[in-house]
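S.K.: Next up is a structure, given as structure tokens.
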Amino acid sequence: MEERKMTCIMCPRGCLMTAKIENGEMLSLEGNTCKRGYEYAYNEIHHPVRTLTTTVRTEGGRIAAVKSSVPVPKKLQFEIMKQINALRPSDDIVFGQTLIQNVCSTGSDIIVTSD
Amino acid sequence: MFDVVVIGAGICGAMTARLLTEYGQKVCILERCPDVAMGTTKANSSIVHAGFDAEPGSLKARLNVRGSVMMEEIARQLGVKYRRIGALVVALGEEDKKTLSDLLEKGGINGVSGLEILERDELIKLEPGIADEVLCALHAPTSALVCPYELCIAAVGSAMDNGAELKLSFEVDKIERTDKGYIVGAGDKSVSARCVINCAGVYADEIARLVGDESFSIRPRRGEYLILDKECGNTVSHTVFRCPDEMGKGVLVTPTVDGNLFLGPTATDIDDKEDTSTTPEGFASIRARAVSQVKGIDFSKIIASFAGLRATGNTGDFIINMPLEGFVNVAAIESPGLSSAPAIAEYVRDMLEESGVEMRKDPNFKAERKSLHRFSTLSIEEKNAIIADRPEYGHIVCRCEGVSEGEILEAIRSNPRPSDVDGIKRRTRTGMGRCQGGFCTPYVIGLLARETGVDYGEISKFGGESLINIGRTKSDL
Amino acid sequence: MSLKTINTDILIIGGGPAGLSAAVSAYEAGARDMLIVEREETLGGILKQCIHSGFGLHRFGEELTGPEYAHIYISKIEEYGIPFMLDTMITELKPDKTATAVNSADGIFEIKAGAVILAMGCRERSRGALSIAGSRPSGIYTAGTAQKYVNLLGYMPGKEIVILGSGDIGLIMARRMTLEGANVKLCCDILPVPSGLPRNVEQCLNDFDIPLRLSCTVSKIHGKDRLAGVTLVDVDESLSPVPGSEEYVSCDTLLLSCGLIPENELSRGAGVIIDSKTGGPVTDENLQTVVEGIFACGNVHHVHGLVDDVSIQADIAGRAAALYVGA
């Protein structure tokens, strides 16, 4: 049985949690103060995910902020960055617009977050 | 072919080039750095000394006193700042008191006016901020402040506006003597002239050696400085010195022409003519000395620190001579170099004239040059009239120093033209405030890129390899 | 002397998160005659360049990026029709609540206000203010300025990065630069504990195996034109360098995340008294400064960790200002 300490990143509290893991399964969790912490710990053990935020350059050279609509697998972050960096969308993209659907088959879209 | 090549666009080269242009010479200034005023001229105490400190009979004494008298009018012509606030040399003990009476005497012989020794009760009326341990002081009312690089830039600009040429990034490595004069080379570039004036600062000995003159050597003496926020500008109202020692005039505490508080310098002899790094020992030394002269210095308000190198020669005096016909050395110009610069120019002109070069005052020489800082001195109505016509004067780029886009553009478009961020900084004060360019630099880069046609990503801090950004995002690094 | 004058009940200096929140809450408390004055080209302030998420959980119940958080407020400003001026700098504020402003379109003019809300935010502590010894090459940036180059202008300040200061801005930039392909070698902090949130140490440093060196600082900067490297030194409990612990780390970029300083130059000119502990105005429970009718909120008041807290504070100031002018 393994005990793993982790800092929750779901909110600014950053609870220091301890998970008891056996055979790759989380048996129990201590230190979280809410359900989201439990969710985070579970994901960290099985398939760590992260919200990806970055920028994209438009055709005309404008810089727009973008994010993944849902958290994406941590190990795919750099691959997804490559996809976003290769984009040159038109200058008239708007707040909330989807630039890539289901990026790298993760189920997450890449959406514009700046005005 | 030029009449005169001036090697070095520091304060001596600038003043000399301008005066010789005024006297009918066709001048070419050769500067090894990407901008003017990049050596000692941009990192010194900025004081126009009264002249009591130099040895009577020396060139330093004669040229300092003469330069000090000339400076106010030159500053007015060039449209640069000048403040005559006077200086106090403080005594902390009996030894110092003796030094003060020696200085008083020297000053008298050198022809400095207004010198007097003030006892403590008189002194604190004049300067309440003086430290409690100070016993008395020598008061030199003719001591003044300038901004040395502002002065240098304006002098070069004035020379250029009157026909002088400037070649930057021209690092002289060869000087060939011909029957007509000299061919001065840098790599595969060359310029020829009848006369050469060697104003190469810490490198003056190496330039002299190019024509076979090995009679002197220059060793760099590094001095560190601290600048404090303008909030502290009223800590003292005079330039306050400690007594000088064998290494120089010692640490001073002074307001600047712009209203900052300025402390320094240290004095360390080094070997590397490129080493302008600051040190923790230097900071500590400045702080320790400054508090012995002035009280109430708020060190939490330091906004910048830097160091400069003085060209210390091995003879103790300025080395201004003509070892070969038409070749003039202006070397070992350590303190009081800045103060002496206008007089050094005169001295060089006279030396050339005596050697047979015809000097004819050009009636078309335009002595006056508009200040790059004049916008801030205008009334609100005058400013609004300008903004109505040129809206870029209403767009403030440097919040800390209140500099508008219009002023920055004017600086970019005036001789000598800058091509990097520090060049804008020295011409307009953008980036010299309390945020030290944190807010304005991205905008300044944009203006430079637009005006010079250089890509945003290729703009540097001060030329050479000092790029600010290394490529764009979204590219393969 | 006739100077163009604008009259307004409430002048809000700064259109960043504090100013926007204050304006919205003043409106919701009944005020109508107000003016937000913003020096940049668009509203949003620092949020425009904070493209990472972590904002709004407290305030709106969801994790938003900086621009999304700003978008919510800017939409409200537009919905309510609250007047604002862009590209306009306030250069002076007097105790009688008269401000001098300047922009390209109107030149220099005056704003006479019934109440003023100070929302100018803060600046970063620069290398000069830290007195780090060594040479002065390019390649040294405060983290926020680097963030502007990367997130708003699309330029990389450098490739081989050392970060001094484990404040949130430094940690966030560690992640950002890494994602854009730079090599962040380490983050060091003079204190024995990180200054930023544990979640940021986790998701910005640990996620990318970037070492965090505590009780360690930069003692010297090396490089002629461009930064070539830094000397790191360990410090003891009194934060003094431990001799012999110097280590040279080559890098071309040094990011400084060593503290924020509330920007109170205008406030001082207006006679506002500044608390030396916070760096911001002394205020009562309604965020009114010692000068009647002048309020302060956001980072100009004191440095906040979260923008949600800025909005909560700005709400108080907005309501108080609305009450003061009799809305």
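S.K.: Of all residues in the range B:405-447, how many are part of a loop (DSSP other than H, G, I, E, B), at negative phi and among the charged types (D, E, K, R)?
M.R.: Residues of the range B:405-447 that are part of a loop (DSSP other than H, G, I, E, B), as a first pass: B:414-420, B:429-440.
Going one step further and asking which of them are at negative phi, we end up with B:414-420, B:430, B:432-435, B:438-440.
Applying the additional criterion that residues be among the charged types (D, E, K, R) yields B:417, B:420, B:434.
Summing the residues that are part of a loop (DSSP other than H, G, I, E, B), at negative phi and among the charged types (D, E, K, R) in the range B:405-447 gives 3.
S.K.: Spot the failing condition for B:ASP275; the list is (1) of a type outside the set (S, T, N, Q); (2) surrounded by fewer than 16 Cβ atoms within 10 Å (Cβ to Cβ); (3) within 27 Å of B:ALA91 (Cα to Cα), and only one is missed.
M.R.: Result: B:ASP275 passes all but (3).
S.K.: Yes or no: the range B:434-454 includes at least one residue that is more than 23 Å from B:GLY406 (Cβ to Cβ) and more than 7 Å from chain C (Cβ to nearest Cβ). I'd like the intermediate steps shown before the answer.
M.R.: Start the filter on the range B:434-454 by keeping residues that are more than 23 Å from B:GLY406 (Cβ to Cβ), which leaves none.
Scanning the range B:434-454, I find no residue that is more than 23 Å from B:GLY406 (Cβ to Cβ) and more than 7 Å from chain C (Cβ to nearest Cβ), so the answer is no.
S.K.: If you take the residues of the range C:147-170 that are within 21 Å of C:ILE190 (Cα to Cα) and among the hydrophobic types (A, V, I, L, M, F, W, C), which of them is surrounded by the fewest Cβ atoms within 10 Å (Cβ to Cβ)?
M.R.: Across the range C:147-170, the extreme among qualifying residues is C:VAL162.
S.K.: Determine which member of the set C:THR178, C:THR142 is buried (at least 20 other Cβ atoms within 10 Å of the Cβ), closer than 21 Å to A:ILE84 by Cα and either among the polar types (S, T, N, Q) or assigned by TED's automatic domain parsing to the domain that holds C:SER53 (or both).
M.R.: Of the residues listed, the single one that is buried (at least 20 other Cβ atoms within 10 Å of the Cβ), closer than 21 Å to A:ILE84 by Cα and either among the polar types (S, T, N, Q) or assigned by TED's automatic domain parsing to the domain that holds C:SER53 (or both) is C:THR178.
S.K.: Condition test on B:ILE386, is it in contact with a Phe, Trp or Tyr (Cβ under 7 Å, 6 or more places away or on another chain), more than 30 Å from B:GLU22 (Cα to Cα) and within 14 Å of chain C (Cβ to nearest Cβ)?
M.R.: yes
S.K.: If we scan the range B:413-424, do we find a residue that is more than 7 Å from chain C (Cβ to nearest Cβ), in contact with a Pro (Cβ under 6 Å, 6 or more places away or on another chain) and surrounded by 21 or more Cβ atoms within 10 Å (Cβ to Cβ)?
M.R.: Within the range B:413-424, one or more residues are more than 7 Å from chain C (Cβ to nearest Cβ), in contact with a Pro (Cβ under 6 Å, 6 or more places away or on another chain) and surrounded by 21 or more Cβ atoms within 10 Å (Cβ to Cβ).
S.K.: Out of B:ALA186, B:ALA140, B:ALA154, which single residue is in contact (Cβ under 8 Å) with a residue 40 or more places away in the chain and in contact with a helix residue (DSSP H, G or I) (Cβ under 6 Å, 6 or more places away or on another chain)?
M.R.: Result of the check over B:ALA186, B:ALA140, B:ALA154: B:ALA154.
S.K.: Please work out which residue is surrounded by the most Cβ atoms within 10 Å (Cβ to Cβ), limiting yourself to the range C:64-83 and to residues that are facing chain A (nearest Cβ under 10 Å) and among the hydroxyl-bearing types (Ser, Thr, Tyr).
M.R.: First, pick out the residues of the range C:64-83 that are facing chain A (nearest Cβ under 10 Å): C:64-71, C:74-75.
Now drop any that are not among the hydroxyl-bearing types (Ser, Thr, Tyr), which leaves C:65, C:69, C:75.
Numbers: C:THR65: 23, C:TYR69: 26, C:SER75: 12.
The selected residue is C:TYR69.
S.K.: Filter the range C:182-204 for residues that are under 23 Å from C:GLY139 (Cα atoms) and in contact with a helix residue (DSSP H, G or I) (Cβ under 8 Å, 6 or more places away or on another chain); which is farthest from the other protein chains (Cβ to nearest Cβ)?
M.R.: So, considering only residues that are under 23 Å from C:GLY139 (Cα atoms) and in contact with a helix residue (DSSP H, G or I) (Cβ under 8 Å, 6 or more places away or on another chain), the one farthest from the other protein chains (Cβ to nearest Cβ) is C:CYS187.
S.K.: Find the strands (runs of 3 or more DSSP E) located wholly in the range B:300-349 whose residues include 1 or more that are more than 14 Å from chain C (Cβ to nearest Cβ) and of a type in the set (Gly, Ala, Ser), and list them. Quick ask: steps written out before the conclusion?
M.R.: Working: elements: B:302-313, B:319-324, B:327-331.
Those strands (runs of 3 or more DSSP E) span B:302-313, B:327-331.
S.K.: Related question: Go through the range B:14-33 and give me each residue that's part of a loop (DSSP other than H, G, I, E, B) and within 17 Å of the chain's Cα centre (by Cα).
M.R.: Within the range B:14-33, B:GLU31, B:ARG32, B:CYS33 meet the criteria.
S.K.: Something else about it: Can you run down the residue pairs with Cβ atoms below 7 Å, 6 or more apart or on separate chains, where the first is in the range C:127-138 and over 14 Å from C:ILE190 (Cβ atoms) and within 7 Å of chain B (Cβ to nearest Cβ) and the partner is among the polar types (S, T, N, Q) and in a strand (DSSP E or B)?
M.R.: Close Cβ pairs satisfying both conditions: C:GLY128/B:SER305; C:ALA133/B:THR278; C:ALA133/C:SER219; C:GLY134/B:THR278; C:SER138/B:SER460.
S.K.: Next question. For the condition touching a helix residue (DSSP H, G or I) at 6+ places or on another chain (Cβ under 6 Å), hydroxyl-bearing (Ser, Thr, Tyr) and either at negative phi or in the same structural domain as C:LYS112 (by TED's automatic domain parsing) (or both), what is the one hit in C:SER267, C:SER257, C:SER250?
M.R.: Going through C:SER267, C:SER257, C:SER250 in turn, the sole match is C:SER257.
S.K.: If you go through the range A:94-115, how many residues are away from chain C (no Cβ under 13 Å) and not polar (S, T, N, Q)?
M.R.: 6
S.K.: Checking C:ALA228 against (1) away from chain A (no Cβ under 12 Å); (2) crowded, with 23+ Cβ neighbours inside 10 Å: exactly one of these is not met. Which one?
M.R.: Among (1) away from chain A (no Cβ under 12 Å); (2) crowded, with 23+ Cβ neighbours inside 10 Å, the lone unmet condition for C:ALA228 is (2).
S.K.: Is it true that B:PRO336 is surrounded by 13 or more Cβ atoms within 10 Å (Cβ to Cβ) and within 23 Å of the chain's Cα centre (by Cα)?
M.R.: Yes: the conditions hold for B:PRO336.
S.K.: Out of B:GLU165, B:GLU122, B:GLU105, which single residue is touching a strand residue (DSSP E or B) at 6+ places or on another chain (Cβ under 9 Å), over 20 Å from B:THR239 (Cβ atoms) and not small (Gly, Ala, Ser)?
M.R.: Exactly one residue qualifies, and that residue is B:GLU165.
S.K.: Name the residue that is nearest to B:MET432 (Cα to Cα), counting only residues in the range C:114-126 that are more than 11 Å from chain B (Cβ to nearest Cβ), under 25 Å from the mean Cα position of the chain (by Cα) and part of a strand (DSSP E or B).
M.R.: Going through the qualifying residues, I end up with C:LEU118.
S.K.: Please state which of the following conditions B:GLY212 fails to meet, knowing it meets all the rest: (1) within 23 Å of B:ASP272 (Cα to Cα); (2) buried (at least 21 other Cβ atoms within 10 Å of the Cβ); (3) small (Gly, Ala, Ser); (4) more than 20 Å from the chain's Cα centre (by Cα).
M.R.: Exception for B:GLY212: condition (2).
S.K.: Scanning for something under 28 Å from B:ALA208 (Cβ atoms) and within 17 Å of the chain's Cα centre (by Cα), does the range B:73-95 turn up at least one residue? Give the steps one after another, and end with the answer.
M.R.: Step one: of the range B:73-95, the residues under 28 Å from B:ALA208 (Cβ atoms) are B:74.
Next cut, within 17 Å of the chain's Cα centre (by Cα) only: B:74.
Yes, that holds for at least one residue.
S.K.: Now, a different point. Kindly provide the set of residues from the range B:364-412 that are in the same structural domain as B:GLN436 (by TED's automatic domain parsing), crowded, with 16+ Cβ neighbours inside 10 Å and farther than 25 Å from B:VAL257 by Cα, ordered by number.
M.R.: B:ASN384, B:ILE386, B:ILE387, B:PRO391, B:GLU392
S.K.: For the condition assigned to a loop (DSSP other than H, G, I, E, B) and at pLDDT 95 or above, what is the one hit in B:VAL236, B:VAL240?
M.R.: B:VAL236
S.K.: Between C:ALA105, C:ALA23, C:ALA101, which is in a helix (DSSP H, G or I) and among the small types (Gly, Ala, Ser)?
M.R.: C:ALA23
S.K.: Return yes or no: is C:ILE10 touching a helix residue (DSSP H, G or I) at 6+ places or on another chain (Cβ under 7 Å), more than 14 Å from every other protein chain (Cβ to nearest Cβ) and either of a type in the set (S, T, N, Q) or not in a loop (DSSP other than H, G, I, E, B) (or both)?
M.R.: yes
S.K.: Could you grab me the full set of residues in the range C:29-49 that are within 14 Å of chain B (Cβ to nearest Cβ) and in a helix (DSSP H, G or I)?
M.R.: C:GLY45, C:ILE46, C:LYS48, C:GLN49
S.K.: Select from the range C:139-169 the residues that are charged (D, E, K, R) and more than 7 Å from chain B (Cβ to nearest Cβ) and write down the one among them that is farthest from C:ILE6 (Cα to Cα).
M.R.: Within the range C:139-169, the first condition is being charged (D, E, K, R), and the residues that meet it are C:148, C:159-160, C:168.
With the extra rule that they be more than 7 Å from chain B (Cβ to nearest Cβ), the set shrinks to C:160, C:168.
On the way: C:GLU160: 50, C:ASP168: 39 Å.
Only one residue tops the list, namely C:GLU160.
The values are calculated or read from the model by the stated rules, or taken from the named source; none is laboratory data. All values derive from a computational prediction rather than experimental measurement. Every residue, glycine among them, receives a Cβ derived from its backbone with ideal geometry; neighbour counts consider all protein chains shown.
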